[in-house]
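Novice: This is the structure I want to talk about, given as structure tokens.
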Amino acid sequence: MPEAVPGPVLRHALARPFIPPTPRRAVESYWRAHPLRADRLARGLAALSGTPDGWTWRLDGAAGTARSLSFRTPPAPFREARFSRGPGHCCICGQPVFRLGWHVDLWREGRTNHNAGWHAACVAAWRFWCEPSDHVQVLKRVQHRRCAVSGGRLLRTAEVDHRVPLFSVWRERRHEPWPALLAFWGAPNLQVVNRTAHVVKCALEAGARAGGRSGAYSAPP
């Protein structure tokens with residue numbers, strides 16, 4: 001290998017059927033294989049950065065603002081030009097980025113990687129937050145393959161659901177600190193439920209949303 005690679009990443013790479021050809025790809029492969037670790041790390045790094053002064057969660061979508069079009073996309077203040085920390089800092093969590101997109105300066109170089117604008121872990125976490133259904137098998141294992149609503153065995157048609165609906169987060173919790181908001185897209189707010197239970201839950205949520213009573217629903221029996 002042309003440069004030092006973190007130990008867990010190297011062990012993961014050497015265990016692959018096809019070993020990643022470069023250290024950078026080995027790092028990316030490691031975090032893709034461990035989305036829950038990436039989720040925890042990204043939220044932890046965001047907590048270190050804190051909410052930027054003057055930032056509020058808004059939906060805009062205008063050109064150049066980098067704000068979300070929908071409340072289904074996690075808020076990301078450091079993607080906005082006003083709060084960006086520039087090259088060498090992650091646009092998702094705001095913390096410094098080091099060699100190979102790593103979050104710690106293992107090489108003791110004392111400088112950030114100005115060619116990178118994100119951590120490899122934060123990229124994996126962002127994908128996990130935006131497309132949790134792509135990680136249904138991982139979440140099933142965490143739940144021991146039991147439906148989070150009925151307690152029965154998860155079927156092949158089981159689906160990923162947010163315990164607290166994202167529309168409720170937008171309506172009632174948008175003023176919470178930004179690092180705390182990220183948990184509503186992360187593993188703490190995700191569950192896998194069988195499709196029948198999911199349909200009933202979504203119907204109750206839709207009724208509550210239409211009546212302006214977000215969160216005023218109960219889990220189906």
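The values are calculated or read from the model by the stated rules, or taken from the named source; none is laboratory data. Worth saying up front: this structure is predicted, and the values here are computed from it rather than measured. Here Cβ is always computed from backbone atoms with ideal geometry, including for glycine, and neighbour counts include all displayed protein chains. All accessible areas refer to the heavy atoms of the entire protein, side chains included, with ligands and DNA or RNA removed. Shrake-Rupley method; radii C 1.70, N 1.55, O 1.52, S 1.80 Å.
Novice: Being more than 19 Å from the chain's Cα centre (by Cα), in a loop (DSSP other than H, G, I, E, B) and of a type in the set (S, T, Y) is the requirement here; does T73 meet it?
Specialist: no
Novice: While we're on this one: Go through V138, V149 for me and flag whichever is modelled with pLDDT of 95 or more and either assigned to a loop (DSSP other than H, G, I, E, B) or among the hydrophobic types (A, V, I, L, M, F, W, C) (or both).
Specialist: On the way: V149 fails: modelled with pLDDT of 95 or more.
Exactly one residue qualifies, and that residue is V138.
Novice: Please go through (1) surrounded by 21 or more Cβ atoms within 10 Å (Cβ to Cβ); (2) over 19 Å from the mean Cα position of the chain (by Cα) for L139 and return the number of the only condition it doesn't satisfy.
Specialist: With (1) surrounded by 21 or more Cβ atoms within 10 Å (Cβ to Cβ); (2) over 19 Å from the mean Cα position of the chain (by Cα) applied to L139, the lone miss is (2).
Novice: Report every pair of residues separated by at least 6 positions or lying on different chains whose Cβ atoms are under 6 Å apart, first residue within region 3-16 and in a loop (DSSP other than H, G, I, E, B), second not small (G, A, S).
Specialist: E3/P23; V5/P23
Novice: Next question. How many residues does region 85-99 hold that are within 20 Å of the chain's Cα centre (by Cα) and open to solvent by less than 30 Å² (accessible area, probe 1.4 Å)?
Specialist: 5
Novice: Still on this structure: Within region 176-190, can you find the residues that are more than 10 Å from R43 (Cα to Cα) and surrounded by fewer than 16 Cβ atoms within 10 Å (Cβ to Cβ)?
Specialist: Passing the criteria: E176, P177, P188.
Novice: For the structure I just gave you, tell me whether R11 is surrounded by 13 or more Cβ atoms within 10 Å (Cβ to Cβ), out of contact with any strand residue (DSSP E or B) (no Cβ under 7 Å at 6 or more places or on another chain) and among the basic types (K, R). Step through it out loud before you land on a result.
Specialist: Details: surrounded by 13 or more Cβ atoms within 10 Å (Cβ to Cβ): no; out of contact with any strand residue (DSSP E or B) (no Cβ under 7 Å at 6 or more places or on another chain): yes; among the basic types (K, R): yes.
Criteria not met by R11.
Novice: Ok, one more. Of all residues in region 152-183, count the ones that are touching a residue at least 40 places away in the same chain (Cβ under 8 Å) and not in a loop (DSSP other than H, G, I, E, B).
Specialist: Adding up the residues that qualify gives 13.
Novice: Still on this structure, I have one more. I need the full set of residues from region 32-48 which are open to solvent by 20 Å² or more (accessible area, probe 1.4 Å) and not in a loop (DSSP other than H, G, I, E, B), in order please.
Specialist: Of everything in region 32-48, those that are open to solvent by 20 Å² or more (accessible area, probe 1.4 Å) and not in a loop (DSSP other than H, G, I, E, B) turn out to be R32, A33, L36, R37, R40, L41, R43, G44, A47, L48.
Novice: Taking S68 as the residue in question, decide whether it is hydroxyl-bearing (S, T, Y) and in a loop (DSSP other than H, G, I, E, B).
Specialist: Yes: the conditions hold for S68.
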